[in-house]
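Written out below as structure tokens is the structure these notes cover.
Here, each number is a calculation from the coordinates, and none is a lab measurement. Only a predicted model underlies this, so the values are computations on that prediction, with no experimental measurement involved. Here the Cβ is made from the backbone with ideal geometry for all residues, glycine too, and neighbour counts use every protein chain on show.
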Amino acid sequence: MTQENKTARAMFLFLKLTQDGKLIWTAMDPSPDTMEDGNKVVRVMYVAKKDDRMLRLYHYRFRSYTDEDEWHWEDSIALEVSDPKGLSWWSFPRNRVIWDLYEAVKFKTTKVDEFIDNLFSQQ
């Protein structure tokens with residue numbers, strides 16, 4: 001199996017573990033290495049621990065320059081393995097599943113499922 005296939009399968013596994021409630025994510029303020037610098041904006045970061053490693057996941061906006069004075073904002077998601085202090089060691093390559101993971105993490109950390117269940121139990 002190639003390294004690319006391994007990392008893609010790992011991302012799918014993180015998604016499944018998150019959806020099943022077996023990988024627990026916590027929202028926190030961005031770490032210093034991802035702070036807003038005028039060209040990159042990070043508002044919230046999610047962290048989880050898996051097998052003595054820290055994972056961090058965050059949405060960021062960055063300036064994409066088309067010319068020296070022309071730019072527009074683009075959105076991306078980062079999934080990284082970090083050190084115990086929360087600084088990035090390695091970033092997973094871009095993959096559509098990271099967006100799905102991000103949506104699942106937001107759903108779980110904001111407890112939308114509990115909110116919906118409570119809504120229906122009040123009927």
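Kindly evaluate M45 against the criterion of being closer than 24 Å to A104 by Cα and either among the β-branched types (V, I, T) or under 10 Å from the mean Cα position of the chain (by Cα) (or both).
Taking the combined requirement at face value, the residue satisfies it.
Restricting to the stretch 42-92, and then to whatever is among the β-branched types (V, I, T) and without any contact (Cβ under 8 Å) to a residue 24 or more places away in the chain, can you tell me which residue is surrounded by the fewest Cβ atoms within 10 Å (Cβ to Cβ)?
Applying the filter and picking the extreme gives T66.
Please determine, by comparing only the residues of the stretch 94-109 that are under 18 Å from K40 (Cβ atoms) and not aromatic (F, W, Y), which one is surrounded by the most Cβ atoms within 10 Å (Cβ to Cβ).
Out of the qualifying residues, it is I98.
Restricting the stretch 1-31 to residues that are touching a residue at least 40 places away in the same chain (Cβ under 8 Å) and exposed (fewer than 12 other Cβ atoms within 10 Å of the Cβ), which is nearest to T109 (Cα to Cα)?
Top of the filtered list is T26.
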